[in-house]
Amino acid sequence: MNARTLQAGALAAALLTIAAAEPWAQGSERVDLDAIYKIKDEGFQRSQVMDTIGYLTDIHGPRLTNSPNIRKAADWAAARLKEWGIAGVRQELWGPFGRGWSNEKFTANVLSPQPFPLIAFSKAWAPGTNGIVTADAVMVVVEDEEELKEWTGKLRGKIVLPSKPLAVKPLFDPTGRRFTEKDLADMQAQPVAAEGRSGPPNFQASQQRTRRRMEFFAREGVLAVLEPGNGRNDHGAILVTGPRDLRDAKAAPQPPQIVVATEHYGRIARTLEKKIPVTIELNVQNRYHDETLDSFNILGELPGTDKADEVVMLGAHFDSWHTGTGATDNASGSAAMMEAIRILKASGVKMRRTVRLALWTGEEQGLLGARAYAKQQFADIDTMQLKPGHAKLAGYFNMDNGTGAIRGVYMQGNEAVRPIFSAWMAPLANIGMTTLTIRNTGSTDHVAFDEVGLPGFQFIQDPVEYSSHSHHSNMDLYERIQPEDMMKNAVIIASFVYHAANRDELLPRKTLPKPRNPRPTTTPQ
Ligand SMILES: [Zn+2]
């Protein structure tokens, strides 16, 4: 898609200006301007990144791990990488992950007292209804298990609403924005307060409670459980994930579970609170796929020359949640990485180290694919016994924050990479990349490298409708992707990978972490 790209002439002029004006040698770190010119030229004039995103979303999305769709998407991606001349394209199995799941039909309508269609989606891995079912809704808002027991024998054939309507605040802030110069400057400051962010208190305990409640509803013959959207207040875009237990076919049964737009849930709940009965019709057809319980990572390479046994990796998670098409989470990252390796191949730049692309699955369930790979290639996090690959990895670059333009890198506390990255960034300043922060970012696959003492990095991206809107929502679709941002991101990633592949040394590392659990238990997780 070149229609919205920079004019060829304007781009060439910009590149020339930069080449004339900027001092390139930053410290002793070498920057190859000729290679950057070729990378920019390929990435801006002959971009394929939006075409890739189109196939990963419109055609093969969503890509829930172990669903039939993600396998088709993976076959498509592997074929495309081979077409581009990427070597060693393969799908490496890891597992067990658990069974696959797909939704094949979904309708949800309130029939009375006033008919209206619900904006609603099935949770992943939840069962469907047995064809079309019609039932009365009932509020079952309980404090504890004792109160829940009082409902024994009263819920057969009902549709349960287990929580009160949510209070919804108006939206005053924009859902998407660019980082300002001040935001970026603030980000560069060393944080002095303890940064460690822990999850909500007793997250596991609350998960257990939810599971026990669902199992009770299933035993009582409840037809379905409705839940309100998570209160992100998203005007019809609702965040839907799925219960992890049901990936195991032997787990105790749970009822169909449906997330309903906050406002629609509220309307049903408020009607019931007025003692007016509400009848709902549902038809949810979900299918489990037990053919294989293992999942896979997609890998491919550009072989290096004199340092071919050393590796630079670039990657992103390929899997998504199931209600949209996983455009910003994370077709954007996967397509940017595929495009970056395509650019490196097509531009004909020479690289000393081998460049390896990895598209992970199972990220949404806990970085499972990346962690399985790290354990096999680099180190067991429990014992920190190192595998041969550990000494050979120059670095890993990851993208997983939606469509937003890359503005810099989170250095993950690794101060020694500052002069290197700062040199590599200089010729990318004119496409918006200017910022290094010592801070960490988490919750995605570079963590699988960082936690075993390897230099794994995630880029800083503009917050464009991601956490506020598209992340894990039914509206995470192609339209949420910005082509200019995607082209810039692929060029930036290709430039970083190119320089990591050609510098004399591997990227500097932090101190090796201590074993997490020196005597690991033998219980499978
Ligand atoms: Zn993601």
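The values are calculated or read from the model by the stated rules, or taken from the named source; none is laboratory data. Given the structure is predicted, the values throughout are model-derived calculations rather than measurements. Positions of Cβ are backbone-derived with ideal geometry, glycine not excepted, and every protein chain shown enters the neighbour counts. Ligands, DNA and RNA are stripped out before the accessible areas are found, and what is left, the full protein with its side chains, is counted by its heavy atoms. Shrake-Rupley method; radii C 1.70, N 1.55, O 1.52, S 1.80 Å.
Under 14 Å from the Cβ of Pro174, count the other residues' Cβ atoms, weight Lys and Arg +1, Asp and Glu -1, and hand me the total.
-3
Nearest 10 degrees is fine. How inclined is helix 8-21 to the longest principal axis of the chain, computing both from alpha carbons?
60 degrees
Quick check: at a probe of 1.4 Å, how many percent of the accessible area of region 381-479 sits on carbon and sulfur atoms?
55 percent
Given the DSSP H assignment, sum -39500 (n - 2.57) over each helix run of at least 4 residues in the chain and divide by its residue total; what's the result at 222 nm in deg cm²/dmol, nearest 500?
-8500 deg cm²/dmol
Name the long-range amide H neighbours of Ser163: under 5 Å, sequence gap of 5 or more, or other chain; modelled H, no Pro or chain starts.
Val140
Normalise the Cα radius of gyration of region 57-121 by 2.2 N^0.38 Å (N = residues in it) and let me know the number.
This ratio for region 57-121 stands at 1.71.
List the residues, sorted by chain then number, that are 5 or more residues from Trp101 or on another chain and whose placed amide H is less than 5 Å from its amide H.
Ser67, His289
Could you tally the net charge around Asp462, taking each other residue with its Cβ under 12 Å from the Cβ of Asp462, Lys/Arg +1 and Asp/Glu -1?
Result for the local shell: 0.
In region 211-266, what percent of the accessible surface is made up of carbon and sulfur (1.4 Å probe, ligands and nucleic acids excluded)?
47 percent
In percent, how large is the relative contact order of region 305-427, given Cα pairs closer than 8 Å and 6 or more residues apart?
Answer for region 305-427 is 35 percent.
Hey, what D do you get for the chain in µm²/s if you plug the Kirkwood alpha-carbon radius into Stokes-Einstein at 37 °C and 0.692 mPa s?
133 µm²/s
Give the long-range amide H neighbours of Leu239: residues separated by 5 or more places, or on another chain, with amide H under 5 Å away, using H modelled in the peptide plane at 1.01 Å from N.
Asn230
Using a 1.4 angstrom probe on heavy atoms only, work out the carbon and sulfur share of the accessible area of region 52-199 in %.
53 percent
May I ask you to evaluate 6.51 cos²θ - 1.76 cosθ + 1.60, the Karplus curve with θ = phi - 60°, for each residue of region 301-307 and list the ³J(HN,Hα) values in order in whole Hz, giving x for glycine and proline?
9, 10, x, x, 10, 6, 10
Which order do the peptides 127-137, 499-509, 353-363, 291-301 come out in when sorted by mean C-beta neighbours inside 10 angstrom, highest first?
The most tightly packed comes first, giving 353-363, 291-301, 499-509, 127-137.
Using Cα positions and a limit of under 24 Å, work out the lysines in reach of Lys510, with same-chain residues fewer than 8 apart set aside.
The reachable lysines, counting only those whose Cα sits under 24 Å from Lys510, are Lys307, Lys375, Lys387, Lys392.
Taking Cα pairs under 8 Å and at least six residues apart, what relative contact order does the chain come out at, in percent?
23 percent
To the nearest µm²/s, what D does Stokes-Einstein give for region 260-386 at 20 °C and 1.002 mPa s, using the Kirkwood radius over alpha carbon pairs as Rh?
115 µm²/s
Rounded to whole Å, give me the distance from the Cα center of region 372-433 to that of region 154-179.
Value for the Cα centre distance between the two parts: 37 Å.
Once a ≥ b ≥ c are taken as the square roots of the eigenvalues of the Cα gyration tensor of region 363-402, is the result rounded (a/c under 1.5), prolate (a/b larger than b/c) or oblate (a/b not larger than b/c)?
Judged from the Cα gyration tensor, region 363-402 comes out oblate (a/c at least 1.5, b/c at or above a/b).
Ranking request for peptides 488-495, 72-79: highest mean number of other beta-carbon atoms within 10 Å first, then the rest in descending order.
488-495, 72-79
Would you calculate the convex hull of the Cα atoms in region 23-177 and tell me its volume per residue in Å³?
327 Å³
For region 111-199, report the accessible area per residue in Å² (1.4 Å probe, heavy atoms, rounded to an integer).
67 Å²
Would you mind getting the Kirkwood hydrodynamic radius of region 387-518 from its Cα pairs, rounded to one decimal in Å?
15.8 Å
Where a ≥ b ≥ c are the square roots of the eigenvalues of the C-alpha gyration tensor, would you call region 255-304 rounded, which needs a/c under 1.5, or, failing that, prolate if a/b is larger than b/c, or oblate?
The shape class here is prolate.
Can you give me the accessible area per residue for region 289-340, using a 1.4 Å probe, in Å²?
22 Å²
How big is the charge dipole of the chain about its Cα centre, in debye rounded to the nearest 20, if each Lys and Arg gets +1 on its Cβ and each Asp and Glu gets -1 on its Cβ?
That gives the chain a dipole magnitude of about 520 debye.
Among all the lysines, which ones have a C-alpha under 17 Å from Lys40's C-alpha, if same-chain residues fewer than 8 places away are not counted?
Lys345, Lys350, Lys488
In what sequence, highest mean first, do 476-483, 269-276 appear when ranked by Cβ atoms within 10 angstrom?
Taking the mean over residues of other Cβ atoms within 10 Å, the ranking is 476-483, 269-276.
Can you tally the net charge around Glu451? Count Lys and Arg as +1, Asp and Glu as -1, for every other residue whose Cβ sits under 15 Å from the Cβ of Glu451.
Cβ neighbours under 15 Å give a net charge of +2.
May I ask you to evaluate 6.51 cos²θ - 1.76 cosθ + 1.60, the Karplus curve with θ = phi - 60°, for each residue of region 457-469 and list the ³J(HN,Hα) values in order in whole Hz, giving x for glycine and proline?
10, 10, 7, 7, 10, 4, x, 9, 6, 7, 4, 7, 8
Whole-Hz ³J(HN,Hα) for each residue in region 330-335, computed from phi via Karplus 6.51 cos²θ - 1.76 cosθ + 1.60 with θ = phi - 60°, x for glycine and proline: what do you get?
8, 4, 4, x, 4, 5
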